[in-house]
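Trainee: Dropping a structure here in structure tokens format, bear with me for questions.
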Amino acid sequence: MKKNWIITTEQTNVSQIQNLQNSLSCPYIIAKLLLQKNISSTQDAEEFFHPDFNNLHDPYIFNDMEKAVRRIMQAIKNQEKIVIYGDYDVDGTTATSLLLIGLKELGAVVDFYIPNRMIEGYGLSMLGNKAILSKKAKVVITVDCGINAVDEINYLNKEGVDVIVTDHHTPKKILPDAFAIIDPKLKDSKYPYQELAGVGIALKLITAIYRKYNRDNIENVSTFFDLAGLGTIADIVPLTGENRIIASLGIKRLEERKNLGLSYLLNLAGLKTCKLKSSDIVFRLAPRINAAGRLGSADRAVDLMTTSNLEDAKNLALAIHNENQKRQLIDQTTFREACDMIESKYQDLDKTFFFVLATDHWHPGVIGIVASKIVEKYNRPTILITFAEGEGSGSGRSIHNFNIFECLSHFEEYLISFGGHKYAAGLSILPEYIDIFEEKVNEYAKNRLTIEDIRPQIYISGELKLNEIDEDLLEWLKRFAPFGPGNMNPIFLSRKVMIVGYPYTVGTNHLKLKTIQNDKTLDLIGFNMGEMSPFLKKGSYVDIAYSLEENVWQNVTKIQGKLKDIRPYASE
């Protein structure tokens, strides 16, 4: 499928770029990238390049933080039972683990509950409520869920349980009658940063509690950074502002291997000695943790991240790693089936703006992952639905310029329930409503997206000559990490480079080629682009879109381009 190359237009003039370049003593393209992020001074650049704990916002800016903290402190003092109610994904399990460790340190009587994905689905449920009551809880703290659990929280209120909601999902019109609600997306929220993950809000809560005990210094709070960073990066929230600080400090803490369970899991993921990148967490560590809740009980993920027993850590890491291997096989089968369904169901993709795919045999634990892969391949908002006992359970993912939660909120009369945020959502639906629901969301998307919007997009940060690529440039680029939404690894364009030698494929379907421009060469790899190999001729001129990375092979480090797309050279 042809991709749109969108070249970032100049927001600043050349003199501004040169001034910043001179003040930082950096390459021209680095100053340009910073100005594209509205970073125009040396001080702002230093803050961006050196994420600092002291630049996190005061947790007491949250509307109900003081109220929530006082209730938790009362529970600790009176030894009332606290139950942390989490979600089964990485964000939810890291948030649960963080609060579990943090509250136990303060002497709290604390337990946790995570619903079974297959039986209960997402968030608070009546079945979950029964479990809470069986644990004799007096206080429930929800993490990564709860903002729309109106009926469930009313039930707990009647049973004399105080519910503190910590969530980062978008609230609906009616808020639950909780004891306290901590969510940066509340309409009247004064908190200056809206994009925290669920674990980021859990970090804010424990920091606020620790302040009351005079324990909120960097030494104490930093013990939670590995969990907070892991959950933040895994949840694919924007890595800007506070999230960038949490993710950056989290990676450093993960590299110190202070968490026994995560240390063993990192080893099994092939990340034993290397410096960690956000992509390592997204593609290698997070899927293993997610697998615990996708195919079985997410309790094992919490047990893994909270254990201090060496043998338990080993056994739990191995069990979760093995579960992930099973999950990968199910993913692959489901993805192939979904692609086949798209090709047969939609006769004209240019007239299809939203995919809704449903069947009765997909595993509910993998449809979210597969929906993400469908979005990556076809660049359409996508919902995958699987049926059980006469009800459809769906998971949706979106493209960058389409708010899937807002879309669903227009058609809730066709849904049993739904929740989520801009880029991801879950829903329940009766089978008889699926066709009309698909028709409505497609029409909605068609009125808000253009043909150009639904073609795969490549956002190019700037042009480079190959002779501008050197170790100094790469070292500067590393300082932009961690990469993720809102702070993607920059993609560059180089025009009229010549293909040297014959392109070939490696691995399953990866393209390898070498290019040259003015005597400077660049090796490139294009993942899953092997089908292009026969059309690329030795000596031909092409334009390339790529990011830059280090490639280590047999202890030799070289600069390599990660190819995003390639076109025949078109003279201007």
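Trainee: Given the criterion out of contact with any Asp or Glu (no Cβ under 7 Å at 6 or more places or on another chain), surrounded by fewer than 23 Cβ atoms within 10 Å (Cβ to Cβ), of a type in the set (A, V, I, L, M) and not in a helix (DSSP H, G or I), identify the matching residue among 119, 141.
Mentor: 119 is the lone residue from the list that is out of contact with any Asp or Glu (no Cβ under 7 Å at 6 or more places or on another chain), surrounded by fewer than 23 Cβ atoms within 10 Å (Cβ to Cβ), of a type in the set (A, V, I, L, M) and not in a helix (DSSP H, G or I).
Yes/no per residue for (1) loosely packed, with under 12 Cβ neighbours inside 10 Å; (2) farther than 27 Å from residue 377 by Cα:
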residue: 523; (1), (2): no, no
residue: 531; (1), (2): yes, no
residue: 549; (1), (2): no, no
residue: 552; (1), (2): yes, yes
residue: 557; (1), (2): yes, yes
residue: 562; (1), (2): no, no
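Trainee: Still on this model: If the Cβ limit is 6 Å and pairs must be 6+ apart or interchain, which residue in the range 77-93 that is outside the structural domain of residue 209 (by TED's automatic domain parsing) and assigned to a helix (DSSP H, G or I) pairs with which residue that is crowded, with 18+ Cβ neighbours inside 10 Å and at pLDDT 95 or above?
Mentor: Partner pairs satisfying both residue conditions: none exist.
Trainee: Given the condition within 24 Å of the chain's Cα centre (by Cα) and more than 30 Å from residue 470 (Cα to Cα), answer yes or no: does some residue in the range 68-81 qualify?
Mentor: no
Trainee: Quick check: anything in the range 333-346 touching a Ser or Thr at 6+ places or on another chain (Cβ under 8 Å) and touching a residue at least 40 places away in the same chain (Cβ under 8 Å)?
Mentor: The answer is no; no qualifying residue exists.
Trainee: Taking the options 161, 150, 139, 109, name whichever one is over 23 Å from the mean Cα position of the chain (by Cα), in contact (Cβ under 8 Å) with a residue 60 or more places away in the chain and in the same structural domain as residue 238 (by TED's automatic domain parsing). So that I can check it myself, show each step before the final result.
Mentor: On the way: 161 fails: in contact (Cβ under 8 Å) with a residue 60 or more places away in the chain; 150 fails: in contact (Cβ under 8 Å) with a residue 60 or more places away in the chain; 109 fails: in contact (Cβ under 8 Å) with a residue 60 or more places away in the chain.
Just one listed residue meets the conditions, 139.
Trainee: Here is a check on your reading of the model: is residue 197 in contact with a Lys or Arg (Cβ under 6 Å, 6 or more places away or on another chain) and surrounded by 16 or more Cβ atoms within 10 Å (Cβ to Cβ)?
Mentor: Taking the combined requirement at face value, the residue does not satisfy it.
Residue-wise test of (1) within 13 Å of residue 482 (Cβ to Cβ); (2) out of contact with any Cys (no Cβ under 6 Å at 6 or more places or on another chain); (3) of a type in the set (S, T, N, Q); (4) not assigned by TED's automatic domain parsing to the domain that holds residue 364.
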{"residue": "229", "(1), (2), (3), (4)": "yes, yes, no, yes"}
{"residue": "239", "(1), (2), (3), (4)": "yes, yes, no, yes"}
{"residue": "247", "(1), (2), (3), (4)": "yes, yes, no, yes"}
{"residue": "255", "(1), (2), (3), (4)": "yes, yes, no, yes"}
{"residue": "264", "(1), (2), (3), (4)": "no, yes, no, yes"}
{"residue": "290", "(1), (2), (3), (4)": "no, yes, yes, yes"}
{"residue": "299", "(1), (2), (3), (4)": "no, yes, no, yes"}
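Trainee: State which residue is farthest from residue 230 (Cα to Cα) when the search covers only the range 308-336 and only residues that are buried (at least 19 other Cβ atoms within 10 Å of the Cβ) and either of a type in the set (Val, Ile, Thr) or out of contact with any helix residue (DSSP H, G or I) (no Cβ under 8 Å at 6 or more places or on another chain) (or both).
Mentor: So, considering only residues that are buried (at least 19 other Cβ atoms within 10 Å of the Cβ) and either of a type in the set (Val, Ile, Thr) or out of contact with any helix residue (DSSP H, G or I) (no Cβ under 8 Å at 6 or more places or on another chain) (or both), the one farthest from residue 230 (Cα to Cα) is 334.
Trainee: Continuing with the same structure: So how many residues does the range 415-462 have that are touching a Pro at 6+ places or on another chain (Cβ under 7 Å) and closer than 13 Å to residue 351 by Cα?
Mentor: Qualifying residue count for the region: 1.
Trainee: For the range 200-238, how many residues are under 26 Å from the mean Cα position of the chain (by Cα), outside any helix (DSSP H, G or I) and either surrounded by fewer than 23 Cβ atoms within 10 Å (Cβ to Cβ) or acidic (Asp, Glu) (or both)?
Mentor: 3
Trainee: If a residue has to be without any contact (Cβ under 8 Å) to a residue 60 or more places away in the chain and part of a loop (DSSP other than H, G, I, E, B) to count, how many in the range 261-315 make the cut?
Mentor: Here the count works out to 12.
Trainee: Still on this structure: Quick test of your reading of the structure: residue 147 fulfils all but one of (1) more than 24 Å from residue 200 (Cα to Cα); (2) surrounded by 20 or more Cβ atoms within 10 Å (Cβ to Cβ); (3) out of contact with any helix residue (DSSP H, G or I) (no Cβ under 9 Å at 6 or more places or on another chain). Name the failing condition by number.
Mentor: (1)
The values are calculated or read from the model by the stated rules, or taken from the named source; none is laboratory data. In this text the structure is predicted, and so the values were computed from the model without any measurement. Every residue, glycine as well, gets a Cβ built from its backbone with ideal geometry; the counts of neighbours run over all protein chains shown.
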